[in-house]
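To start, the structure itself, in structure tokens.
The values are calculated or read from the model by the stated rules, or taken from the named source; none is laboratory data. From a predicted model like this one, the values you see are computed outputs, not experimental measurements. Cβ placement follows ideal geometry from the backbone for every residue including glycine, while neighbour counts extend to all protein chains displayed.
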Amino acid sequence: MQVMRRYGIPEPYEKLKELTRGQAVTKDSMQKFIDGLDVPEEVRSKLSKLTPHSYTGLAEDLARNIDKWIDLESGFKIK
């Protein structure tokens with residue numbers, strides 16, 4: 001979704017919702033979606049190479065810094 005926003009594609013959330021709601025997301029359906037994006041070829045190529053195994057997004061950074069945001073014992077946010 002961030003890539004679509006970066007390149008000014010309207011309604012990125014709705015486009016992803018249309019792709020995923022009520023149906024399985026397969027490698028083929030995701031590739032077809034990526035191929036249809038109005039973004040530079042280099043971006044489509046990078047997106048095509050992502051896999052659930054290789055892409056973690058912000059997860060690593062968030063996990064390493066969770067103690068800055070949440071008190072793990074009480075579950076309350078730290079100010």
Notebook entry, point to check: Where residues in the stretch 58-76 are aliphatic (A, V, I, L, M) and in a loop (DSSP other than H, G, I, E, B), which of them is nearest to residue 7 (Cα to Cα)?
Noted result: 58
Next item on the list: Output the residue which, of all residues in the stretch 39-57 that are outside any helix (DSSP H, G or I) and at pLDDT below 95, is nearest to the chain's Cα centre (by Cα).
Entry: 57
Next item on the list: May I ask you to list pairs of residues, at least six apart or on different chains, whose Cβ atoms are under 8 Å apart, with the first in the stretch 5-18 being surrounded by fewer than 12 Cβ atoms within 10 Å (Cβ to Cβ) and the second being not in a helix (DSSP H, G or I) and not small (Gly, Ala, Ser)?
Entry: 13/1
Next item on the list: Tally the residues that are surrounded by 10 or more Cβ atoms within 10 Å (Cβ to Cβ), of a type in the set (Val, Ile, Thr) and either touching a strand residue (DSSP E or B) at 6+ places or on another chain (Cβ under 9 Å) or without any contact (Cβ under 8 Å) to a residue 40 or more places away in the chain (or both), restricting the search to the stretch 35-73.
Entry: 4
Note to self: Name the single residue that is surrounded by the most Cβ atoms within 10 Å (Cβ to Cβ) among those in the stretch 21-34 being more than 13 Å from the chain's Cα centre (by Cα) and outside any loop (DSSP other than H, G, I, E, B).
What the structure shows: 33
